[in-house]
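The values are calculated or read from the model by the stated rules, or taken from the named source; none is laboratory data. Quick caveat: nothing in here was measured; it's all calculated off a predicted structure. Cβ placement follows ideal geometry from the backbone for every residue including glycine, while neighbour counts extend to all protein chains displayed. What goes into the accessible areas is simple: the full protein's heavy atoms, side chains included, and nothing from ligands, DNA or RNA. Shrake-Rupley method; radii C 1.70, N 1.55, O 1.52, S 1.80 Å.
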Amino acid sequence: MASMFSASTSIKKAVGLINDLNISRFPLLLSRILQKLHLKEERTFSEDEEEKLQGAFGVSPADLELILETLEFILQQAAYHTSKPQVLGEQLTQLELQEDKVKAIVEAWSSGARELVQKLRERTVYPKQLEDIRWNLNLQMAQATQAKMKMPNAQFQLKIRNEDSGKDENVRMEFTHEELYEFYTQLETIQRQVDSLS
């Protein structure tokens with residue numbers, strides 16, 4: 001298996017910082033990261049919690065940020081590769097993480113991997129999802145400059161659910177007959193392409 005991690009300058013610095021952390025609090029830190037890793041817009045720790053962590057581990061705000069980002073990255077890579085615990089342990093050892101830290105990460109991964117991977121699979125790539133469509137047809141019979149005319153149009157209201165904010169948005173569209181036909185043709189093309197993938 002190819003290496004999940006490259007020993008960049010920031011990773012090396014983070015490894016040194018992680019190696020210096022108190023092992024008694026380290027598993028709790030990992031557990032919290034695993035619980036929140038699937039949430040895109042939510043921070044793992046609040047500002048108050050980060051201040052307490054800085055005091056508990058004796059690190060600066062910048063160092064804590066690097067530690068958290070690196071641990072999140074390690075667990076994200078493990079999830080992406082659906083890494084076996086033994087393989088993860090070997091790769092972390094190659095990064096020169098101390099044995100007690102490697103063991104803690106592997107144990108956290110072993111206990112939380114299945115749930116995390118499932119949550120990441122359920123997460124949508126695009127936070128906005130179509131919830132509902134309403135439509136009506138109108139027939140414009142006259143205008144101020146033209147007494148007799150027949151101009152049909154279709155009006156759509158799309159209800160869009162934003163997963164990140166939890167709010168609904170309404171998008172309104174209006175099509176003439178020609179525009180609606182062109183839109184329909186594009187949808188047919190998309191449908192054929194989706195069908196060819198499945």
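Give me the net charge for the shell around Gln186: Cβ to Cβ below 12 angstrom, other residues only, Lys and Arg +1, Asp and Glu -1.
-2
Farthest toward the dipole's positive end in the chain, which of Ala56, Thr176, Phe5, given Cβ charges of +1 (Lys, Arg) and -1 (Asp, Glu) about the Cα centre?
Farthest towards the positive pole: Thr176.
Taking the radius of gyration and the Kirkwood hydrodynamic radius from Cα positions alone, what is the Rg/Rh ratio for region 1-52, to two decimal places?
Using only Cα positions, Rg/Rh for region 1-52 is 1.02.
Around Leu29, what is the net charge, scoring Lys/Arg as +1 and Asp/Glu as -1 over all other residues with Cβ under 15 Å from its Cβ? Numbers along the way, then the final one.
On the way: positive: Arg25, Arg32, Lys36, Arg43, Lys52, Lys101, Lys103; negative: Asp20, Glu49, Glu50, Glu51, Asp63, Glu65, Glu69, Glu72, Asp100, Glu107.
Computed value for this residue: -3.
Which of the lysines could a cross-linker bridge to Lys128, judged by Cα under 17 Å and excluding same-chain residues fewer than eight apart?
Lys40, Lys159, Lys167
Among Met151, Gln191, Ala104, flag the residue with its Cα farthest along the positive direction of the charge dipole of the chain, charges on Cβ as +1 for Lys/Arg and -1 for Asp/Glu.
The Cα lying farthest towards the positive end belongs to Met151.
How far is helix 26-36 tilted off the main Cα axis of the chain, in degrees rounded to 10, range 0 to 90?
The two axes meet at around 10 degrees.
Accessible area of region 1-77 with a 1.4 Å probe: how many percent of it is carbon plus sulfur? Spell out each step's value before the answer.
On the way: 2110 of 4280 Å².
Carbon with sulfur: 49 percent of the solvent-accessible area.
So if I place +1 on the C-beta of Lys and Arg and -1 on the C-beta of Asp and Glu, and nothing else carries charge, what would the dipole magnitude of the chain be about its Cα centre? I want it in debye, nearest 20.
On the way: 24 positive and 31 negative charges, 104 e Å.
That gives a dipole near 500 debye.
Can you compute log10 of I(q)/I(0) for region 59-130 with the Debye formula, treating each Cα as one identical point scatterer, at q = 0.23 Å⁻¹?
Log10 I(q)/I(0), no solvent term: -1.05.
For the chain, what is the relative contact order in percent, using Cα pairs closer than 8 Å and at least 6 residues apart in sequence?
Working: 192 pairs, mean separation 34.4, N = 198.
RCO, the chain: 17 percent.
Please compute P(r) over all alpha-carbon pairs of region 1-134, binned at 5 Å starting from zero, and give each bin as a whole-number percent.
In whole percents, the pair-distance histogram is 2, 9, 20, 22, 19, 14, 6, 3, 2, 1, 1, 0.
Just add up the charged neighbours of Gln129: K/R +1, D/E -1, any other residue whose Cβ is under 9 Å from the Cβ of Gln129.
On the way: positive: Lys128, Arg161; negative: Glu131, Glu163.
Result for the neighbourhood of Gln129: 0.
Could you tell me the accessible area of Thr176 in Å² (1.4 Å probe, neighbours in place), rounded to the nearest ten?
The accessible area comes out at roughly 40 Å².
How much area per residue is accessible in the chain when the probe is 1.4 Å and only protein heavy atoms are counted (Å²)? Could the numbers behind the result be given before it?
Working: 13760 Å² over 198 residues.
Solvent-accessible surface per residue comes out at 70 Å².
Taking Cα atoms, how many degrees apart are the long axis of helix 99-122 and the longest axis of the chain, rounded to 10 and kept between 0 and 90?
On a 0 to 90 degree scale, this one is about 10.
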